[in-house]
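The structure under discussion appears below in the form of structure tokens.
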């Protein structure tokens, strides 16, 4: 199969997912071309072809005005979708996989993809975030956008069985559950002791790791508050701000100082390159995934922690995350959005750590199985 993989995102969990999935698709005998941006990192052992012709959504220089930022997003989104149409037609692709589903501005760009679908092009999308509850603009526009975003898809791929809210009936669309494989990053360059020494962490301390983009829905403020009642716990925060217009780190740091826990937190507020990821995980004992109740998505951080066999303290809405944590005993699942639940979970972890089934998870959630199910869906004869 010749497959065009559309990825307008260069970094983060979705880009890492695309890299892993595309490599295995090639390994099982398919020709994969990744249509992505100029900023996409190369030299990671990719076995697929890279077509860096898209624009990056995130501007190189942050906009100081929301209107300018919004116009930039609109222009880039429409330009990237026009480029997707152009590449499909120019190179004759008949199978197209979107690295993630997005409804934003879909009424303005979905028509061309529907036309291609009527001409026989098969579109699929990975639904990393199947619950589309982030409303941009009027609600009628949000609902119309969701329906438009699904309107040209024949294949929808999810990580947990779910009844998708497509707003309107989508009789042409079929949903397939695929596993989420474990991410593979370079081995640690330093020992656990050396990383802890560099971060000025006690060698015998119990250390939590909050990894990845700083976002409000991760409840880091509640974790910091919970630390006040668990004095033996340290925390490493490693990741970049998710939005230049909403810097969160200064507020979190001020809160930590106010509560008297600042001396037990180490801040690495920056983009963490692949070569350093392992260092942070081997230096820690527990991964913090304390999402809000509204979070119903898969977690790339969990699938990174599994590589390094680090259990988690997790919360969120129902879906893939609680399902795999409970099934494979990957950590402790707590009530979301409560400081007391986080504190109680930490105390329970200190007294009765979980016994995760790391090997079983990796056996049953392989990239090989992910790729096979994806190809089977594209090859299926749909009525």
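Taken together, the values in this text are just the output of simple stated rules run on the coordinates, not laboratory data. What you are looking at is a predicted structure, and each value in this text was computed from that prediction instead of being measured. Don't worry about glycine lacking a Cβ; one is built from the backbone with ideal geometry, like all the others, and counts go over all protein chains shown.
For segment 1-59, with equal point scatterers placed on the C-alpha atoms only and solvent neglected, what are the log10 I(q)/I(0) values from the Debye formula at q = 0.13, 0.27 1/Å, to two decimals? At q = 0.13, 0.27 Å⁻¹ the computed log10 ratios are -0.28, -1.17.
Among 44, 132, 154, the largest mean-square fluctuation in a Gaussian network model of the chain (Cα springs under 10 Å) belongs to 44.
Largest first, the extents of the alpha carbon coordinates of the chain on the three principal axes equal 63, 47, 38 Å.
P(r) tail for segment 253-329: Cα pairs beyond 15 Å make up 64% of the total. When shorter helices are ignored and each DSSP H run of at least 4 residues is given -39500 (n - 2.57), the per-residue value for the chain at 222 nm works out to -12000 deg cm²/dmol. Quick one: helix 339-351 against the long Cα principal axis of the chain, what's the angle to the nearest 10°, folded into 0 to 90? Its long axis makes an angle of about 70 degrees. Under the simplified labelling scheme, the residue 1-residue 73 pair shows an inter-label distance of 3.2 nm, with each label point 7 Å from Cα along Cα→Cβ. Between the helical axis of 367-379 and the longest alpha-carbon principal axis of the chain there is an angle of about 20 degrees. Note that segment 1-118 shows a convex hull volume over its alpha carbon atoms of 105 Å³ per residue. log10 I(q)/I(0), Debye, Cα-only segment 229-285, no solvent, q = 0.19 Å⁻¹? Results for segment 229-285 at q = 0.19 Å⁻¹ read -0.79. Structure remark: mean-square fluctuation, Gaussian network model of the chain, C-alpha springs under 10 Å; the largest value among 250, 41, 354 belongs to 250.
Given the Cα-Cα distance of residue 383 and residue 360 and 0.36 nm per residue of separation, how much length would full extension add, in nm? Provide the component values of the computation, followed by the final result.
Details: separation 23, 0.36 × 23 = 8.28 nm, distance 3.64 nm.
Between residue 383 and residue 360, full extension yields an extra 4.6 nm.
When only alpha carbons of segment 192-364 are considered, Rg and Dmax amount to 15.0, 45 Å. Over segment 156-199, the alpha carbon radius of gyration divided by the compact-protein estimate 2.2 N^0.38 Å works out to 2.24. Computed over segment 310-383, the P(r) tail beyond 21 angstrom holds 43 percent of alpha carbon pairs.
Tell me the angle of helix 106-118 to the major Cα principal axis of the chain, expressed in degrees between 0 and 90 and rounded to the nearest ten. Between the helix axis and the principal axis of the chain, the angle is about 50 degrees. Inter-label distance, residue 85 to residue 268: 4.4 nm, where each label sits 7 Å from its Cα along the C-beta direction.
Rounded if a/c is under 1.5, else prolate if a/b is larger than b/c, else oblate: which is segment 182-277, with a ≥ b ≥ c the root eigenvalues of its Cα gyration tensor? Oblate. In segment 279-316, which residues have a backbone nitrogen under 20 Å from the label point lying 7 Å from residue 187's Cα in the Cα-to-Cβ direction? Zone members listed by number: 279-284, 304-310.
Here each label is just a point 7 Å from Cα along the line to Cβ, and for residue 197 and residue 177 those points are 4.8 nm apart.
With a Förster radius of 41 Å applied to the C-beta separation of residue 257 and residue 161, the computed FRET efficiency comes to 0.35.
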